[in-house]
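Report on one structure; see the data block that follows.
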Amino acid sequence: MQDFSGYPIDEPPHSFISNSLSVDAQTLQKQIDELSTFSDTPAPSVTRILYSDKDVLARRYIKNLMGLAGLSVREDAVGNIFGRWEGYELGLPAVATGSHIDAIPYSGKYDGVVGVLGAIEAINALQRSGFKPKRSLEIISFTSEEPTRFGISCLGSRLLAGGEALAKALKTTVDGQNISFLDAARFAGYAKDQDDLSSVFLKKDHYFGFVELHIEQGPILEEEGVSIGIVTAIAAPASIKVDFEGNGGHAGAVLMPHRNDAGLAAAELALAVEKHVLESGSIDTVGTVGILELHPGAINSIPSKSHLEIDTRDTDEKRRNVVIEKIHESAIAIARKRKAILSEFKIINQDPPALSGKSIIEAIEAASKELNLTHKFMISRAYHDSLFMARISPMGMIFIPCYKGYSHRPEEYASTQDMANGVKVLALTLAKLSLQ
């Protein structure tokens with residue numbers, strides 16, 4: 001005799017769910033708009049920095065929506081927020097989803113946010129459909145995916161993945177205003193009586209799987225008219241800090257043959273970054289000098305110090321590491337040629353790439369097909385919290401189109417239809433994985 005599962009006896013559970021899924025895209029858009037008001041810069045830009053007053057208010061907003069969805073809410077010592085819908089087999093590892101809500105200065109309101117608010121709406125849609133999860137479903141709003149305040153990207157997910165070196169380093173990490181990480185966390189209500197952050201760590205296989213919904217942050221899906229991107233791998237990112245020192249001096253009085261210009265050393269290295277990236281022979285190798293600062297910063301003063309921060313990434317870890325070594329060799333040669341001092345060349349992070357889990361890819365693909373949505377397999381060249389969640393469980397990502405590929409700028413935009421498509425695929429994927 002067939003056990004009763006809550007679904008019509010002649011209809012498989014997945015098709016029942018897909019046929020009855022309804023996403024409230026207008027409410028989702030309203031919530032995105034409301035969350036964007038928690039910003040330190042005026043609309044249409046969004047600036048929401050880790051542990052700031054606006055970040056604390058945004059966190060409360062998310063926790064309130066999780067509560068309204070009937071989820072049990074908890075937070076860890078660094079402020080990763082978890083909203084859980086308990087399944088009927090409590091002993092099984094849960095299926096997780098989520099993203100982040102922090103925003104770099106003068107950015108947009110969809111990056112990360114679609115994956116958090118969209119996940120809450122996915123749970124609401126499943127509840128409205130009458131679905132009952134076998135494995136629990138858990139939403140995570142990760143702390144500080146962006147490196148804005150403390151120079152560490154994906155801080156919350158790195159710690160969840162057991163980042164012991166990071167947990168130790170955070171005890172002495174300070175921001176640009178010399179505020180320590182722990183003091184900032186305590187200001188926001190976290191790390192209250194503890195310097196040891198190991199309580200945040202999760203064991204491998206803590207989750208059965210992890211799925212992240214995200215805007216593409218590139219133009220491919222929109223240009224090709226494809227509704228869903230199924231991410232097969234996330235590129236390997238690395239960050240480098242470089243400092244040059246020269247003699248400085250008066251811009252008029254020191255003649256060109258007598259200069260040790262730290263600014264020109266930095267400029268030459270910036271061009272060397274581009275050169276080495278292009279020489280890799282792969283379109284997947286990219287490099288960016290995102291920060292270039294000169295001291296003392298006066299028009300009539302030769303720079304005595306320069307500071308660069310370099311981002312380089314690739315889908316191939318070995319190829320990316322070769323580029324990093326060439327950048328280092330160039331920095332040494334430039335300092336020697338210009339009689340400047342290379343006072344620092346520090347690799348901040350050098351993360352390996354991550355492959356999406358086969359089971360997650362298959363579930364996303366099946367959901368897309370059942371919903372009659374066009375889809376394509378693609379690589380994420382931006383990194384996400386999924387990169388580190390892959391160290392805990394199989395992971396996958398769902399991309400939706402965004403206007404002209406714009407991201408990290410106020411013009412960032414995703415249509416309500418594209419968001420609704422993404423939320424439906426996420427909901428059905430979560431349902432499939434929950435029943436396994």
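If you run the Gaussian network model on the chain, springs between alpha carbon atoms under 10 Å, then out of Ile234, Ile361, Ile334 the most flexible one is Ile334. Summary of packing: across the peptides 306-319, 394-407, 94-107, the per-residue average of other C-beta atoms within 10 Å ranks them, highest first, as 94-107, 394-407, 306-319. Residues considered: Lys192, Lys305, Lys337. Largest GNM mean-square fluctuation over the chain, using C-alpha springs under 10 Å, is found at Lys337. Estimated purely from DSSP H runs of n ≥ 4, each contributing -39500 (n - 2.57), the mean residue ellipticity at 222 nm for the chain is -10500 deg cm²/dmol once divided by its residues.
The gain in end-to-end length when the Asn300 to Asn64 segment is fully stretched comes to 79.6 nm, 0.36 nm per residue minus the alpha carbon separation.
Once both labels are positioned 7 Å from their Cα atoms along Cα-to-Cβ, the gap between Asn321 and Phe377 label points is 2.6 nm. Each principal axis of the Cα atoms in the stretch 299-363 has its own extent, and those three values, largest first, are 61, 25, 15 angstrom.
Tell me the per residue accessible area of the stretch 242-302 using a 1.4 Å probe; a whole number in Å² is fine.
Here the residues of the stretch 242-302 average 58 Å² of exposed surface.
Per-residue extension of 0.36 nm, minus the Cα-Cα distance of Ser198 and Gln417, leaves a gain of 74.7 nm for this segment. Using the Cβ-Cβ distance between Asp284 and Val56 with R0 set to 41 Å, the FRET efficiency from 1/(1 + (r/R0)^6) comes to roughly 0.60.
Roughly what angle does helix 358-370 make with the longest principal axis of the chain, taking Cα atoms, 0 to 90 degrees, to the nearest 10? With rounding to tens, the tilt is 60 degrees.
Split the accessible area of the stretch 76-211 by element, probe 1.4 Å, and carbon with sulfur accounts for 50%.
Whole-percent P(r), the chain, all Cα pairs, 20 Å bins from 0: 25, 53, 19, 3, 0.
Selection among Thr288, Asn260, Ala238 by position relative to the dipole of the stretch 237-350 gives Asn260 as farthest towards the positive end (Cβ unit charges, Cα centre).
Counting only DSSP beta bridges with both residues in the chain, tell me the antiparallel percent, nearest 5. If we restrict to bridges inside the chain, about 70 percent are antiparallel.
The order of the peptides 342-353, 121-132 by mean Cβ neighbours within 10 Å, most packed first, is 121-132, 342-353. Compute the acute angle (0 to 90°) between the alpha-carbon long axis of helix 113-129 and the principal axis of greatest extent of the alpha-carbon atoms of the chain; round to the nearest 10°. Taking the Cα atoms of the chain, the angle to 113-129 is about 0 degrees.
Only protein atoms count toward the accessible area here, which uses a 1.4 Å probe; on the stretch 237-350, the carbon and sulfur part of that area reaches 55 percent. For the stretch 225-349, the Cα gyration tensor yields ellipsoid semi-axes of 34, 15, 11 Å (square root of five times each eigenvalue, largest first, whole Å). Helix 317-337 and the longest principal axis of the C-alpha atoms of the chain enclose an angle of approximately 20°. Here the gap between Arg336 and Val174, fully extended at 0.36 nm per residue and compared with their Cα-Cα distance, gives a gain of 55.1 nm. The residues of the stretch 48-109 expose, per residue, 38 Å² of accessible area to a 1.4 Å probe.
The values are calculated or read from the model by the stated rules, or taken from the named source; none is laboratory data. Just so it is clear, the structure is predicted and the values come from calculations on it, not from any experiment. FYI the Cβ positions are ideal-geometry reconstructions off the backbone, even for glycines, and counts take in every protein chain you see. The area values use the complete protein model at the heavy-atom level, side chains included, leaving out ligands, DNA and RNA. Shrake-Rupley method; radii C 1.70, N 1.55, O 1.52, S 1.80 Å.
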